[in-house]
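In what follows, a single structure is set out as structure tokens and then discussed.
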Amino acid sequence: MIRAVLGWLLLVPAVACAQPHRGSIELGGGIGWVGGSAAGSAAANETRNPSTGSTPLTLFQTDSRTLSAATLDVRAGVYITPRLLVSATFQYSRPALRAHLSSDFEGATSIDADTTVSSYTFGATGEYRLSAGGWVPFVSGGAGQLRQVPDGGDVLTAAEIHAGGGIRRALTHGRRPFSIRGEASASFRSRTAGFDQRHHVVPIASAGLMWSF
Amino acid sequence: MRALRAAGVILLCSVSLFALSRSVEAYLKIGTKVSNGGVVSIRWGGFPVRYFITNRDVAGVTAPQLQQAVDRAFHTWQAVPNVGLSSQFVGFTGLSPSSAVGANVIGFEDHPELDRVLGATSFTLDTVSGEILESDIFLNTTFPWSVATSGEAGRQDVESIVLHELGHLHGLGHSALGETEILPGGGRRVLGESSIMFPIAFTAGSVNRALHEDDVAGLSDIYGNPSFLAATGSISGRVTKNGSGVLGAHVVAFNPTTSVMIGGFSLTDDGSFVVGALDPGTYVLRAEPLDDGDPGAFLSTSVDVDFNFKPAFLSRLVAVARGGTASGVEIKVLPK
């Protein structure tokens, strides 16, 4: 019984050092993946001569999609409580916007036409730890601004809201521990650089290295 | 100088229409050689355009009915924002469009020799500045006409044809945004079009009284204020075949977000083109031969237009920024 109590007492300092305290700062970064989404379909229609039909004459058809892409993530946060971390986040990616061009009225060969979109997300995220210990699960959510710039084009801005969860684990112990962090989330974007100009929900996954002090 | 709208087939224009290549061009504007040897686009120096109507009735259309249709067509063009067009009906006249001197006259005229020309617009120009001093429009009495609200079977709609001719009157040339088929007995029939300035009219009985974005872009280019030019952008590049330029290719820029199509042409031996007056956005580009009408309806007859290539898309999308030019585009086409 005494041995058991001592063991618990000996463990406490180590665990306590691994857990952040109120006011702790955490910096981190990593890489990830953002999923693709449909970007709209459109027809290049001409006004039909009424004597030749009643439906528009379609010169060609476009079916578009934003492709998945790698992301670069940077975050800096502060612990409001030992379990609640509030972070400013930045994410960068360069997904391709691809249009499949088909059904040409005069027989042009169907092709895929691409352009690249630089995508920047600036936001704030709250992360709540569900437990303490080795592998620590958490839930997260936040919002921000999405800025997308097609190559050579104008900046498009949109609201971004995300929610998800993940897991983290301390790699080192002490006053300034390193930890690894993995997260999966769903990102709602009020508008994207796609052609449909509508909201989309895309999956995001990321993994990174965090440093607390 | 005369610009024609054809019924079923395009006839060669009586004089050449010079295609102007400027950074903001998105269609053809009518150009003229001026005294210094250069080519300038023609335009009115001031408004309103004061016009007379020939006091002549034809079967189905009285002179006052023609005047009302002309007034509606003028107002359709005048509704284009940021342009500032205006017109004023002065009165009826005994003069025909071809005989009038010093006055703008619109009316019916007998031209049995032009059996496929519905109407035509002629100009008197300042040979130094290119300013339009006078413009007259005739509608060919060889054809039956109508001013019925929904059109009349077998008769050409006056307002539709006048709307096209008024595009010329304001300085626009023909657009190639249309598809045609060759009829067994000769001539062409329009299947569809995306510009009132396409040179071939819809079949008799149809009405076609609305402008398209290509028409608005053209007029805005000629008369638009600086804010219009600042708010739009352009795409420039080349159409090439086996590394050499293609002259006379029709280039279409399509915005899948807005479904707007704006046309342009490659106007030099190296295949250079500019499609302008584009709203900011991302565009699909497509090039095709100028084979949906007589090339003389679009470009000077001295231009050696290349028809020997297949329609093709550009293999990348092109983003256009507000007030900017996306340059260096190369649309590669293959011989037929």
What number of residues in the range B:123-135 are touching a residue at least 40 places away in the same chain (Cβ under 8 Å) and assigned to a strand (DSSP E or B)? 5
Within the range A:35-70, the residues that are charged (D, E, K, R) and closer than 25 Å to B:F202 by Cα are A:E46, A:R48
If I go through the range B:244-258 residue by residue, how many of them are at pLDDT 95 or above and at positive phi? 0
If B:F138 passes every condition in (1) modelled with pLDDT under 95; (2) under 30 Å from B:R188 (Cα atoms); (3) in a strand (DSSP E or B) but one, which one does it miss? (1)
I need a count of the residues in the range B:270-305 that are among the acidic types (D, E) and at pLDDT 90 or above. 3
Of the numbered conditions (1) part of a strand (DSSP E or B); (2) surrounded by 20 or more Cβ atoms within 10 Å (Cβ to Cβ), B:W77 satisfies every one except a single condition; which is it? (1)
Among (1) in a loop (DSSP other than H, G, I, E, B); (2) closer than 19 Å to B:P64 by Cα, the one test that B:Q88 misses: (1)
Looking at the structure I just gave you, is B:R238 under 30 Å from A:S41 (Cα atoms) and within 14 Å of another protein chain (Cβ to nearest Cβ)? no
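Which count do you get for residues in the range B:286-336 that are more than 8 Å from chain A (Cβ to nearest Cβ) and either over 16 Å from A:T116 (Cα atoms) or in contact with a Ser or Thr (Cβ under 6 Å, 6 or more places away or on another chain) (or both)?
In the first step, residues of the range B:286-336 are kept if they are more than 8 Å from chain A (Cβ to nearest Cβ); the result is B:287, B:289-309, B:323, B:325, B:327-336.
Checking which are either over 16 Å from A:T116 (Cα atoms) or in contact with a Ser or Thr (Cβ under 6 Å, 6 or more places away or on another chain) (or both) leaves us with B:287, B:289-309, B:323, B:325, B:327-328, B:330-336.
Residues in the range B:286-336 being more than 8 Å from chain A (Cβ to nearest Cβ) and either over 16 Å from A:T116 (Cα atoms) or in contact with a Ser or Thr (Cβ under 6 Å, 6 or more places away or on another chain) (or both): 33 in total.
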Only one of A:F90, A:F105 that is farther than 27 Å from A:S185 by Cα and of a type in the set (F, W, Y): A:F105
Residue ID - nearest to A:R22 (Cα to Cα), chosen from residues in the range A:145-182 that are surrounded by 17 or more Cβ atoms within 10 Å (Cβ to Cβ) and touching a residue at least 60 places away in the same chain (Cβ under 8 Å): A:P177
Among what's in the range A:21-42 and is within 14 Å of chain B (Cβ to nearest Cβ) and in contact with a Pro (Cβ under 9 Å, 6 or more places away or on another chain), pick the residue that is surrounded by the most Cβ atoms within 10 Å (Cβ to Cβ). A:A39
Taking the range B:172-194 and the residues there that are facing another protein chain (nearest Cβ under 9 Å), among the small types (G, A, S) and within 12 Å of the chain's Cα centre (by Cα), the one that is farthest from B:D294 (Cα to Cα) would be B:S194
Within the range B:143-152, can one find any residue that is away from every other protein chain (no Cβ under 14 Å), crowded, with 22+ Cβ neighbours inside 10 Å and assigned to a strand (DSSP E or B)? yes
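Pick from the range B:307-332 the residues that are of a type in the set (F, W, Y) and part of a loop (DSSP other than H, G, I, E, B): which of them is farthest from the chain's Cα centre (by Cα)? Write out each step before concluding.
Restricting attention to the range B:307-332, the residues satisfying the condition of being of a type in the set (F, W, Y) are B:307, B:309, B:313.
If we keep only those that are part of a loop (DSSP other than H, G, I, E, B) as well, we get B:307, B:309.
On the way: B:F307: 21, B:F309: 24 Å.
Residue satisfying both the conditions and the ranking: B:F309.
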Taking the condition of being among the polar types (S, T, N, Q) and within 14 Å of another protein chain (Cβ to nearest Cβ), how many residues in the range A:43-92 meet it? 12
Taking the range A:112-144 as the region of interest, how many residues are crowded, with 19+ Cβ neighbours inside 10 Å, under 22 Å from A:V78 (Cα atoms) and either of a type outside the set (F, W, Y) or in contact with a helix residue (DSSP H, G or I) (Cβ under 6 Å, 6 or more places away or on another chain) (or both)? 9
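Does the range A:166-213 hold any residues that are among the charged types (D, E, K, R) and either on the phi > 0 side of the Ramachandran plot or within 14 Å of chain B (Cβ to nearest Cβ) (or both), and which are they?
So the first thing to find is which residues in the range A:166-213 are among the charged types (D, E, K, R), and the list is A:168-169, A:175-176, A:181, A:183, A:189, A:191, A:196, A:198.
Within the range A:166-213, A:R191, A:D196, A:R198 qualify.
Would you kindly identify the strands (runs of 3 or more DSSP E) lying entirely within the range A:61-139 that contain at least 1 residues that are over 15 Å from the mean Cα position of the chain (by Cα), of a type in the set (F, W, Y) and more than 22 Å from A:A39 (Cβ to Cβ)? Can you show your working first?
Numbers: elements: A:69-79, A:84-93, A:96-102, A:111-129.
Of the strands (runs of 3 or more DSSP E) lying wholly inside the range A:61-139, those with at least 1 residues that are over 15 Å from the mean Cα position of the chain (by Cα), of a type in the set (F, W, Y) and more than 22 Å from A:A39 (Cβ to Cβ) span A:69-79, A:111-129.
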Just checking, how many residues over the range B:33-74 are under 23 Å from the mean Cα position of the chain (by Cα), free of Cβ contacts under 8 Å to residues at least 40 places away in the same chain and either crowded, with 19+ Cβ neighbours inside 10 Å or farther than 21 Å from B:I222 by Cβ (or both)? 2
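Name the residues in the range A:139-154 that are of a type in the set (A, V, I, L, M, F, W, C) and more than 14 Å from chain B (Cβ to nearest Cβ), would you?
Within the range A:139-154, the first condition is being of a type in the set (A, V, I, L, M, F, W, C), and the residues that meet it are A:139, A:143, A:146, A:149.
Scanning the range A:139-154 gives A:V139, A:A143, A:L146.
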Unmet requirement for B:I196, which otherwise passes all of (1) farther than 21 Å from A:L59 by Cβ; (2) in a loop (DSSP other than H, G, I, E, B); (3) out of contact with any strand residue (DSSP E or B) (no Cβ under 7 Å at 6 or more places or on another chain): (1)
Residue pairs meeting the criteria (Cβ under 6 Å; at least 6 apart or on separate chains; first among the acidic types (D, E), in the range B:109-122; second assigned to a strand (DSSP E or B) and surrounded by 20 or more Cβ atoms within 10 Å (Cβ to Cβ)): B:E109/B:F138
Scan the range A:99-120 and report the pairs whose first residue is at the interface with another protein chain (Cβ under 8 Å from one of its Cβ atoms) and closer than 15 Å to B:K310 by Cα and whose second residue is assigned to a strand (DSSP E or B) and of a type in the set (F, W, Y), with Cβ atoms within less than 9 Å and a gap of 6+ or a chain change. A:D104/A:F60; A:D104/B:F313; A:F105/A:F60; A:E106/A:F60; A:A108/A:F60; A:A108/B:F313; A:T109/B:F313; A:I111/B:F313
Name the one entry in B:I222, B:I262 that is within 22 Å of A:H100 (Cα to Cα) and either at pLDDT 95 or above or hydrophobic (A, V, I, L, M, F, W, C) (or both). B:I262
One residue from B:D270, B:D304, B:D294 being farther than 22 Å from B:V216 by Cα and within 16 Å of the chain's Cα centre (by Cα): B:D294
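The values are calculated or read from the model by the stated rules, or taken from the named source; none is laboratory data. Everything numeric in this text was worked out from a predicted model, so none of it was measured. In this analysis, Cβ positions are derived from the backbone assuming ideal geometry, glycine residues included, and neighbour counts consider all displayed protein chains.
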